[in-house]
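The values are calculated or read from the model by the stated rules, or taken from the named source; none is laboratory data. Computed from a predicted model, the values in this text were never measured in an experiment. No Cβ is skipped: glycine too gets one built from the backbone with ideal geometry, and neighbour counts run over all protein chains shown. The protein model used for the area step is the full one, side chains on, heavy atoms only, and it has no ligands, DNA or RNA in it. Shrake-Rupley method; radii C 1.70, N 1.55, O 1.52, S 1.80 Å.
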Amino acid sequence: MERMDRDMPFLLQYEHVAWFEKGKVRILDRRVYPTEVRFVVCTDYHEVVQAIADMVTQSAGPYTAVGMGMALAAWQVRDKGAREQEEFLRQAAYDLAHARPTTANRYGQITCRCADVAKETLAAGRDPVEAIVASTVESLNRRYSTMQVVGDYLANLIPNGGAILTQCFGETIIGTVIRAARRQNKTFRAYCAETRPYLQGARLTSSCFAQMGIDTTVLTDNMIAYAMEREGIDLFTSAADSIAWDGHIANKIGTFQIAILAKCFGVPYYVTGIPDREKRTKDDIVIEMRDPAQVLSYRGIPNTLPGVKAIYPSFDVVPPHLISGVVTDKGVYVPYLLGNYFDSDVKPFY
């Protein structure tokens with residue numbers, strides 16, 4: 001099977017996201033990369049659930065982890081009867097899908113498909129583990145291929161020699177827009193907002209751009225207005241963890257304020273991704289609230305005195321009037337017309 005992670009940076013190669021082999025799932029610990037290249041090893045699918053909840057892997061990384069977690073679940077019950085295996089895998093599909101609430105619908109498409117594949121394989125008298133791994137790799141190929149089309153459209157929007165600003169870690173779109181720009185003989189500079197409190201923009205996004213030879217600059221989260229006024233930012237772009245039909249999108253906390261600044265400075269904001277069929281309005285988007293202690297310290301070092309409080313909403317919901325366009329595999333949509341995306345056939349994505 002041809003793999004679509006060729007020519008991708010380290011972070012986007014399949015084995016460096018999450019991988020099942022010999023009864024274990026290895027997940028790259030993105031909390032410490034690039035300071036350290038370390039993998040969290042899971043021997044029970046519940047450990048995969050916990051790893052996702054604990055932000056060991058983020059952005060689109062859990063899409064791979066939940067599939068490999070399903071292979072691990074199948075491995076755990078490989079010596080049981082077919083019915084018991086099916087029941088165990090259905091429960092695992094639910095548990096893995098709900099590791100984080102905001103994107104449970106997306107994870108569930110992957111885990112439920114893995115459970116269906118296992119059922120078919122068991123009915124044929126075969127071991128489902130290998131079939132689940134193959135299904136997960138097919139899902140990866142499908143997602144990378146789809147996002148390459150999105151990356152092509154996004155690259156068309158970037159002026160040659162221009163500068164883009166990113167927020168958080170857009171995962172696949174980073175690799176695909178670089179591949180698209182290379183095909184177009186186009187160069188650009190990347191400015192990466194650091195994205196507190198986990199610094200995904202500084203640690204992950206900038207690493208991918210720099211590894212691929214892109215002129216890369218990191219900005220602290222309070223430098224955005226300065227950069228838009230003085231650094232020649234041509235467009236702001238981010239992926240989205242949820243895209244509702246009414247044009248509201250959810251992305252890493254901090255995206256909303258950058259979108260407001262972009263509007264103020266006349267910088268277009270392009271969201272990349274595939275709309276969620278299940279989410280008609282912003283009311284269908286669940287905002288995950290994480291442990292506030294994660295704001296009060298970083299890598300075990302306290303930032304405040306005892307008794308200081310914090311909040312940690314994981315995501316912002318950005319309204320459509322701040323979004324210039326949603327870049328999909330079918331082209332660029334005005335956010336108010338996103339429902340039209342579903343007027344024609346929609347290819348499986350996850």
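Remarks
- Were the residues from ASP116 through GLU231 laid out at 0.36 nm apart, the gain over their Cα-Cα distance would be 36.3 nm.
- Crossing angle, helix 172-183 versus the chain [Cα axis fit, 0-90 degrees, rounded to tens]: 60
- For TYR191, distant residues with modelled amide H under 5 Å away: ILE164, LEU165, THR166, THR217
- Result for the chain in a Gaussian network model with C-alpha springs under 10 Å: among ILE301, ILE258, ILE164, the largest mean-square fluctuation is at ILE301.
- Comparing the stretch 100-163 with the 2.2 N^0.38 Å rule of thumb, its C-alpha radius of gyration ratio is 1.63 (two decimals).
- Accessible-area value, ARG26, 1.4 Å probe, nucleic acids and ligands omitted, Å²: 100
- Cα shape, the stretch 17-111, gyration tensor, a/c 1.5 rule: oblate
- Computed from Cα positions, the angle between helix 255-265 and the longest principal axis of the chain comes to roughly 30 degrees.
- Built amide H within the under 5 Å cut-off of SER242, gap 5+: ALA250
- Two-site FRET efficiency, MET223 against GLU130, from Cβ-Cβ distance with R₀ of 56 Å, rounded to 0.05: 0.70
- Calculated FRET efficiency for the pair ARG142/VAL37, C-beta based, R₀ 30 Å, to 0.05: 0.65
- Along principal axes, Cα extents of the stretch 137-200, largest first, whole Å: 33, 31, 13
- For the stretch 108-172, accessible area per residue (1.4 Å probe, heavy atoms of protein chains only), Å²: 35
- Antiparallel %, DSSP beta bridges [both residues in the chain], to 5: 50
- Taking 0.36 nm per residue of sequence separation and removing the Cα-Cα distance, the ARG280/GLN294 pair yields an extension gain of 1.9 nm.
- Cα gyration tensor, the chain - rounded (a/c under 1.5), prolate or oblate: prolate
- For the residue pairs LYS282/LYS309; LYS80/LYS347; LYS22/LYS186, the alpha carbons lie more than 32 Å apart in LYS80/LYS347; LYS22/LYS186.
- The chain - percent relative contact order, Cα under 8 Å, separation 6 or more: 14
- Shape of the stretch 157-340, Cα gyration tensor, a/c cut at 1.5: oblate
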